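Accompanying notes for the structure given below.
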Ligand SMILES: Cc1cc2nc3c(=O)[nH]c(=O)nc-3n(C[C@H](O)[C@H](O)[C@H](O)COP(=O)(O)OP(=O)(O)OC[C@H]3O[C@@H](n4cnc5c(N)ncnc54)[C@H](O)[C@@H]3O)c2cc1C
């Protein structure tokens, strides 16, 4: 039988991450093309009830390593478990999300398997049995199409560049435990501390209220935070506002920031430069507020409001508060 496609279904705090589902969806697609099965590996603690979700995205078999010591990402433990699964199931392809954990793990397992890895891929294709990956280089100025040599072929997938899609009918894989024996390690993971007060990751938010140079200064982001709070979203930023020191780099959307695909993206005082656009153009609905009717962002926004953010945003917040009864 054709060797399976193996996917690391990343989780965080006993929930799968959206990027994990995106990887499982892409793994399903490649497995179908290769006539192979898809195996998903979950590592963490308290995930048992959630394993069924991996079947929704097409996994044929799901494997779980569950242990309190795996609740937080530990590079050596996670590598050890993944390598164990690889040894047992000999996959032809291994996919991981290009998150901090995925980007850490992929080269760790690649070096042990003496094989190639393509990182931060935005597209994958199977051509005559070869796996090709498209990935940005030189800060996104060019896209490279590379062939991944060696076996298995390893790729990390840029979050939000692939869409998580449920299969129909959903698969109902049984949950197969992976034994976990702690390997020798000199690494101790004590805690993960968030960089700021933000609770949600920008790449996983379903509503983003983003501000650009048009916000005029860091103090004015307050009106975006108020709007974001009413609609249950979080605040993002353009590079101009990050470079100005108004917002942290973790807020930056675009080519050299995060790629996002929320249900709703509200761009306030952002011109819509190509480098910003590539990071948010996959949003389902884009609303742009800009006082310049010729701003490029109106060329690809679904709804455009020509006006001053300092009038439009507070008015929008007021009306939405009434609408939600807040
Ligand atoms: C290699 C490279 C990588 C880059 N990566 C990124 C990236 O990841 N992300 C990114 O965003 N950019 C990136 N850039 C920068 C990008 O080219 C733009 O310079 C940047 O996106 C502009 O940010 P902005 O839209 O906030 O500012 P501007 O282009 O200055 O636009 C400000 C907008 O605000 C409007 N405005 C002003 N005042 C108001 C008001 N009161 N009410 C309403 N509207 C108002 C103006 O009409 C204008 O359209 C990159 C550039 C390079 C060269």
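Placing pseudo-labels 7 Å out from each Cα toward the beta carbon at residue 200 and residue 112 gives an inter-label distance of 3.6 nm. If R0 equals 30 Å, the separation of the Cβ atoms of residue 167 and residue 76 corresponds to a calculated FRET efficiency of about 0.35.
Solvent-free Debye calculation, one equal scatterer per alpha-carbon of region 4-59: log10 I(q)/I(0) at 0.27, 0.29 Å⁻¹ equals -1.01, -1.13. The modelled label-to-label distance for the pair residue 192/residue 285, using points 7 Å beyond Cα in the direction of Cβ, is 3.1 nm. Global size of region 170-266: 18.7, 55 Å for Rg and Dmax (C-alpha atoms, Rg to one decimal, Dmax whole). Straightening the chain between residue 181 and residue 274 buys 28.6 nm, computed as 0.36 nm per residue apart minus the Cα-Cα spacing. Across region 1-142, C-alpha contacts under 8 Å between residues 6 or more apart give a mean separation that, scaled by the residue count, equals a relative contact order of 25 percent. When the Cα gyration tensor is reduced to axis lengths a ≥ b ≥ c, the ratio a/c is 1.5 or higher for region 135-176, and with a/b not above b/c it is classed as oblate. Stretching the chain fully between residue 144 and residue 3 yields a gain of 48.1 nm (0.36 nm per residue, less the alpha carbon separation).
Which whole-angstrom value gives the distance between the alpha carbon centres of region 42-99 and region 146-218? For region 42-99 versus region 146-218, the Cα centre distance is 13 Å.
Set the Cα radius of gyration of the chain against 2.2 N^0.38 Å, with N its number of residues, and you get 1.07. Looking at the square roots a ≥ b ≥ c of the eigenvalues of the Cα gyration tensor of region 133-212, which shape do they give, rounded for a/c under 1.5, prolate if a/b is larger than b/c, or oblate? The shape class here is rounded.
Can you give the calculated 222 nm mean residue ellipticity of the chain, where each DSSP H run of n ≥ 4 adds -39,500 (n - 2.57) and the sum is split over every residue, rounded to the nearest 500 deg cm²/dmol?
-8500 deg cm²/dmol
Please label the shape of region 101-152 as rounded, prolate or oblate, based on the square roots a ≥ b ≥ c of the eigenvalues of the alpha-carbon gyration tensor (a/c under 1.5 means rounded; beyond that, a/b larger than b/c means prolate, else oblate).
oblate
Taking the chain as a Gaussian network of alpha-carbon nodes connected by springs under 10 Å, the highest mean-square fluctuation of the residues 168, 238, 250 belongs to 168. Between residue 322 and residue 249, the simple spin-label model (points 7 angstrom out along Cα→Cβ) gives 4.4 nm. Computed on the chain, with alpha-carbon pairs under 8 angstrom and 6+ residues apart, the relative contact order is 14 percent. Which log10 I(q)/I(0) values, to two decimals, does region 1-139 give at q = 0.11, 0.19, 0.20 Å⁻¹ under the Debye formula with one point per Cα? Relative scattering, expressed as log10 I(q)/I(0), comes to -0.36, -1.13, -1.26.
Every number here is computed from the coordinates shown, using simple stated rules; none is lab data. A quick note: this is a predicted structure, and the numbers were derived from the prediction, not measured. Because the Cβ atoms are built from the backbone with ideal geometry, glycine has one as well, and the counts that use them run over all protein chains shown.
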